[in-house]
Each structure stands twice: as C-alpha cells, then as structure tokens.
Amino acid sequence: MAQIINGKEVSASVKASVAKETAQLKDEKGIKVGLAVVIVGDNPASRVYVNNKKKACEEVGFQSFEYALDESTTQEQLLDLVDVLNRDTRVNGILVQLPLPKHIDETAVINAISPDKDVDAFHPVNVGKIMIGNYSFLPCTPAGVMELIASTGVEIAGKNCVVIGRSNIVGKPMSMLLLHKSGTITICHSKTQNLKEVCANADILVAAVGRPNFVTADMVKEGAVVIDVGINRLENGKLCGDVDFESVEKKAGYITPVPGGVGPMTISMLMKNTLTAAKQQVGLE
Ligand code: GUN
C-alpha cells in the first residue's frame, strides 16, 4: 500500500517559509511584495484559480492587485495593461491567467511580460534559462512536483523517470527539472508506442495527460513514486486525476491524491517565485 504524499502539508510549509521571509523584508527593509493577477472573461475554472491565488497572497502577506477584464477586452488593451504593470514598482510579479479568449494571441501576451516579473516562467527567456539550468523562476506546477518528490526522500539521480505529457506548462519543463537532478528521463505522448511497458519501468512516474484515470495499476512498477498532475472534472461534478488512484495505490510506493496533491503546490510555488522576483528587483538576490 502506497504512502500518500500530502500536498496540503508540503504546500503549507512552503507558504509558511515565504510568509516568514516576506514579514522580514517588510520589517527590516520596508519592502512590500506585490503580485498582479489578470483575468480576462468569466471562465469559471479560471475564476476559482484566481480567487485561490488572491487568498494565498493574503496568507503570506503579499499585496495582490487583481484586474478582472471583460471578455471583449482587445489584445491591444491587454498589452497596454501588461506594459503598465511592467513599470509599476509595487508589482513584483505578473500573472495573466490562461486560457485567454480566442481573439487574443497568448504568445504575444506572454512575450510582453517582463521576464523579471514573469512568475509563471512562461516567457521564452525564462524557458531558455530552465533549459540551461540557470533559472530564477521555475514553472509553478513542475516546481511543486519536485518539492513533493523531495518530501518522499526518494533520490532522483540515476532513476528511470517517465513523464506522460509534453505540454510547455508541465511535461517539457518537468522533464528538464528531473534531468537537472540526474534522472534518466522518458517523455511519453499520444504517439508513444508500448506506453504501458515504458511506464511500468518508471521508478518515478509523473502523469500530466488530462484524461481521467488514464494510468492504471498494470502501468505502474511496484514501489514507484506516482505523481498525478491531472485535474479532471467528471460528469458527476467530482474531481479526479489522471491516475486510477484506487488500483495504483495498492502497487505504488508513494502516490499523490487528487485533490490535495499537486494542486496546492502550484500556488505555493507561485508565492515563492513572487518573493524571489521581489528580492531580485531590489538587488537582494
Ligand atoms: N491556467 C492554468 N494553469 C495556469 C498557470 O499555471 N498559470 C497561468 N497564468 N494560467 C494558468
């Protein structure tokens, strides 16, 4: 029976250390940390994420600046706002919630955010830095996964690590972070042959597919660390991951639940990145 990795607990400890440092910055140097979150339109899932980010800012003592823009906002108006936020010294980090409405080019918006304030680490400058292993910000979800793996005490060096999914937000940067820790990495995707065999060889398996219960027990090695990045909403309204928890739990060594695994980590890593951005902007790091 696998040990459950408690994302809420690990996330709370990351937030506690961010809160402590934030209070010190304020008391000792008079520096306040600020995060701007921009949401365009009224996608309900995005609304939930943005509210959670605002709540986390309050918990760690950041100022949060929220810009809720109408669905009809033009790309030019959004780029103008990003420009204003890039120059606003109260704002250390900028997050534009994705997805954006169809008429707005996401790449153009991401590219307009100052790399120094890009706390999502989506800007090509930050993506490039991750590739060469010289980074200030790590993309929040993969960074959260690394913290969860670290919490198990399982060494990554030399292990077979399999990442299912090749997105720019999760799969690709996830693979790089595991590689920086000297794992042997396989990235699987929709065209991968013998997926079951490849996964069953993984000491560390990260599922970021976006398909409910995609990873079944026959795809998992006995004792493996299984990290579930998926958040899928079933027809009955329940949340479910990419891993068939019930069967995989019996075989894995460690497993993350959904909810309560990777989800809480993404936000705490965003808080960590924003603190790092603030320190860098005043020359402290
Ligand atoms: N939409 C879903 N996940 C994310 C994220 O990590 N950052 C942003 N900006 N938008 C998202």
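The values are calculated or read from the model by the stated rules, or taken from the named source; none is laboratory data. These numbers were taken from a predicted model, which means no experiment stands behind them. Heads up, the Cβs are rebuilt from the backbone with ideal geometry, glycines too, and the neighbour counts pull from every protein chain shown. Side chains are part of the model used for accessible areas, which takes the heavy atoms of the whole protein and leaves out ligands, DNA and RNA. Shrake-Rupley method; radii C 1.70, N 1.55, O 1.52, S 1.80 Å.
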- Note on the structure: Reported set for region 243-262 where residues are under 21 Å from the mean Cα position of the chain (by Cα) and surrounded by 24 or more Cβ atoms within 10 Å (Cβ to Cβ) is 243, 255, 256, 261, 262
- Message: Looking at residue 163 and the list (1) in contact with a Gly (Cβ under 6 Å, 6 or more places away or on another chain); (2) part of a loop (DSSP other than H, G, I, E, B); (3) closer than 23 Å to residue 11 by Cβ, which single condition is not satisfied?
- Response: (2)
- Query: If a residue has to be in a helix (DSSP H, G or I) and either over 18 Å from the mean Cα position of the chain (by Cα) or within 16 Å of the ligand (Cβ to nearest atom) (or both) to count, how many in region 149-160 make the cut?
  - Reply: 1
- Verdict on residue 52 being closer than 18 Å to residue 268 by Cβ, touching a residue at least 60 places away in the same chain (Cβ under 8 Å), out of contact with any Leu (no Cβ under 6 Å at 6 or more places or on another chain) and surrounded by fewer than 17 Cβ atoms within 10 Å (Cβ to Cβ): yes
- Message: Restricting to region 103-125, name every residue that is within 14 Å of the ligand (Cβ to nearest atom), more than 15 Å from residue 276 (Cα to Cα) and in contact (Cβ under 8 Å) with a residue 24 or more places away in the chain.
- Response: 104, 109, 112, 113, 122
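Do we find a residue being under 21 Å from residue 166 (Cβ atoms) and open to solvent by less than 20 Å² (accessible area, probe 1.4 Å) anywhere in region 126-136? Talk me through it step by step, then tell me what you get.
First, the residues of region 126-136 that are under 21 Å from residue 166 (Cβ atoms): 126-133, 135.
Add one more test, that the residue is open to solvent by less than 20 Å² (accessible area, probe 1.4 Å), and what stays is 126, 130.
The answer is yes, given that some residue of region 126-136 is under 21 Å from residue 166 (Cβ atoms) and open to solvent by less than 20 Å² (accessible area, probe 1.4 Å).
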- Consider residue 145 against the criteria (1) within 16 Å of the ligand (Cβ to nearest atom); (2) open to solvent by 20 Å² or more (accessible area, probe 1.4 Å); (3) of a type in the set (A, V, I, L, M, F, W, C): it satisfies all of them except one. Which criterion is unmet? (2)
